[in-house]
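*Asks:* Structure provided below as structure tokens; questions to follow.
The values are calculated or read from the model by the stated rules, or taken from the named source; none is laboratory data. Just so it is clear, the model here is predicted, and its values are computed rather than measured. Every residue, glycine among them, receives a Cβ derived from its backbone with ideal geometry; neighbour counts consider all protein chains shown. To get the accessible areas, we keep the full protein, side chains included, count just its heavy atoms, and leave off ligands, DNA and RNA. Shrake-Rupley method; radii C 1.70, N 1.55, O 1.52, S 1.80 Å.
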Amino acid sequence: MPAKDLHLSIEVGPWWTTAVYERAGVVHPVYFDGQPRLPSGVHQQPGTLLTGTAALTAGMDNPGAYHPDPLALLHSPAAASETAAGDTAAGGTVDPVDATAAVLTHVARTATTTTGGRITELTLVTAHAWGPQIRQRLQQAATTAGLPDPNIATVAAALATTATGRYVVTATSDLDLTVLDREEGFQQVAYLRAGDPHADGIDRALFTRATGGTPPAYGWQWAREINQARAALATQARVALLLPPPHRAAALDREDVSVAAAAHLDRLPENVKTLITDAGLTTADVSTVVLRGGDAVTAEFAAGLQVAGLPVPTVLDDPHAVARGGLQLTKPLALAPTGTAASVRLPRARLTVANLVRVVVLAGLSAALLHLTIDSAYIMKIGITVRGVMLPTPTLSLAAALAALTAWSAAQLAPTTWILAPPPDDRTTAGILLRQGFLGAAALSLAAAGLWALATMVSVGLDTTDYLRATFIAATPIAASAAVIALFAARIPATALLPWLHRISPPLIPIALGSTGIYLHNLQHYQVTGWWKTLVWHAEALGALAEYGGAILLGIATAMIVARGLFLRVAAGALLTIGYAAMAGYTTAGYTHIAYVIAVVWWAVAAAFATVTTTSIPAVAALTRWFNPPS
């Protein structure tokens, strides 16, 4: 991953959002105005959505327009209208996708502003596993925020990344218990909400102990105040409780938490037995218990799990632990370091104009060279019958080669971009996408060669196979190389996939330089009429500049393509520049053009050979070691 590319992992919780990013192999937490957490809620105002601390502050004055848990809205859009019921300033029902997108945008903007990088991979960690429809909404939210197609992980799976052994039990302060199988891709084996279903929840019980009354049916303020108090009581003996009117200020201590949680924690042995039975295991099969900390009930919960026969829980108090685990869980190649492209899915983002720069430039160069070839043709006629045509055939060959590389570049985008959003349950691997893309590129290369030759024949009015020969000589090796890549790409080791994609990317700068050099040569040598000759008539130095400048560009471009390493490129560039300049005349420049076309074709063949030698096929690996013995 390039140094400026970020893999962003975001946990959007019911109250708080945390995030981390990976850059150049190092994981960093995201801080929001110096704080490790960002309030998850959004506040709806006419025409806009506030996020973070600004949204929470506005929500204190207008509670009905504040939505503390955007993902809950995404899961149940009806909740948006319920929370805003009766509040005239709420501005109507908030769109769940827009609310979630606003939070993601806030986090992404903070990360990119801090680092100066760009987000190329995204992981979203949610409390529970979601079905296809809701995952689609979350995907839409990421797209609305201008982010890549997200990898989606659960809190339980993210916690399990810190564990060892096969079967892991994860627990949270909400008394969620989950059994996961780490060897089967962190598959959830069993889930249970611990506690007494007939008793009040811990938050409601704490509200009753503090006020002597019953919590209101609607309203988020009291729930948030209780949540903050529970977090504070993890490190303090007593905290103040500032409940919304008409309730008076109150206080809670750890004894209150113990009493409120007692009915639920007393059922833990029975709950754990049910959980383990549902998983088809015994307590001896559980290797690790991971408990998310930061709550007043954590200590007693951990003790209860141990009494129930589970291993001593590992308590994670780091607020970024879940986001960090999600990053590790969905790191593109981390889950299959010994696999191949056939089993790996690379993160895919919506196709943008920036992704198409290479494709557009190559297509433009190919079209420009084709037009110049036709425009430079000297047509010999007897009456109205065309008897012969003189045109720069190597330029036509290069135009066909660049058309083939245009299809090649488009195929290279297949495993990392999409035009139409894939379904949430899409499991198409990078190997399949590469095979389809490069097989299509091979076919398009040959089709473009035929079309370029046909366009030339029609334009000059001469029916000959010479132009077909010129285009297919250049395009066929490139098409064959694309077919070889399609055949072997699925066998590329997962750990080598990203460097390989960079290796087979057509060298845009050398191609642009070489094409410009040939274009200048053709203007000088073949344009007998037109704007160029008119321009040279008034400034003869331009002719010499085009002739020798084109030769210099062509020499530099050839050296950049065929040579590896800075020293070799400089040395080869110097020699080729001198040699090409000496051959810049009308009668000899064509040979330098042919040499450049050969260099471009050679690059494609070398890319195919590099693909074969990168694969995990034993025979190929043995052959590679024979040619390149270890030192």
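*Asks:* If we keep just the residues of the stretch 314-333 that are in a loop (DSSP other than H, G, I, E, B) and either at pLDDT 70 or above or not aliphatic (A, V, I, L, M) (or both), which is most open to solvent (accessible area, probe 1.4 Å)?
*Replies:* The residue in question is Asp317.
*Asks:* Here's another thing I want to ask about it. Identify, please: which residue in the stretch 74-133 is farther than 23 Å from Tyr21 by Cβ and among the hydroxyl-bearing types (Ser, Thr, Tyr) and is, among those, modelled with the lowest pLDDT?
*Replies:* Filtering first and then ranking leaves Thr88.
*Asks:* OK, next. Checking Ala414 against (1) modelled with pLDDT of 85 or more; (2) surrounded by 19 or more Cβ atoms within 10 Å (Cβ to Cβ): exactly one of these is not met. Which one?
*Replies:* Every condition holds for Ala414 apart from (1).
*Asks:* Taking the conditions exactly as written (in a helix (DSSP H, G or I), open to solvent by 20 Å² or more (accessible area, probe 1.4 Å) and closer than 16 Å to Ala512 by Cβ), does Ile552 satisfy them or not?
*Replies:* Yes.
*Asks:* So, one more: Can you work out which of the residues in the stretch 208-241 that are of a type in the set (Val, Ile, Thr) and either at positive phi or not in a helix (DSSP H, G or I) (or both) is modelled with the lowest pLDDT?
*Replies:* Within the stretch 208-241, the match that is modelled with the lowest pLDDT is Thr214.
*Asks:* Then there is this: Suppose we filter Ala608, Ala581 for residues that are within 33 Å of the chain's Cα centre (by Cα), hydrophobic (A, V, I, L, M, F, W, C) and part of a helix (DSSP H, G or I); which single one remains?
*Replies:* Going through Ala608, Ala581 in turn, just one is within 33 Å of the chain's Cα centre (by Cα), hydrophobic (A, V, I, L, M, F, W, C) and part of a helix (DSSP H, G or I): Ala608.
*Asks:* Quick check on my filter: what residues within the stretch 366-393 are open to solvent by 30 Å² or more (accessible area, probe 1.4 Å) and in a helix (DSSP H, G or I)?
*Replies:* Correct list: Ala367, Ala368, His371, Ile374, Asp375, Thr393.
*Asks:* Those residues that are in a strand (DSSP E or B) and surrounded by 13 or more Cβ atoms within 10 Å (Cβ to Cβ), I need them from the stretch 36-63; list them, please.
*Replies:* Leu38, Pro39, Val42, His43, Gln44, Gln45, Leu49, Leu50, Thr51, listed by residue number.
*Asks:* Next up: Only one of Ala342, Ala336 is assigned to a helix (DSSP H, G or I), small (Gly, Ala, Ser) and modelled with pLDDT under 95. Can you tell me which?
*Replies:* Ala342
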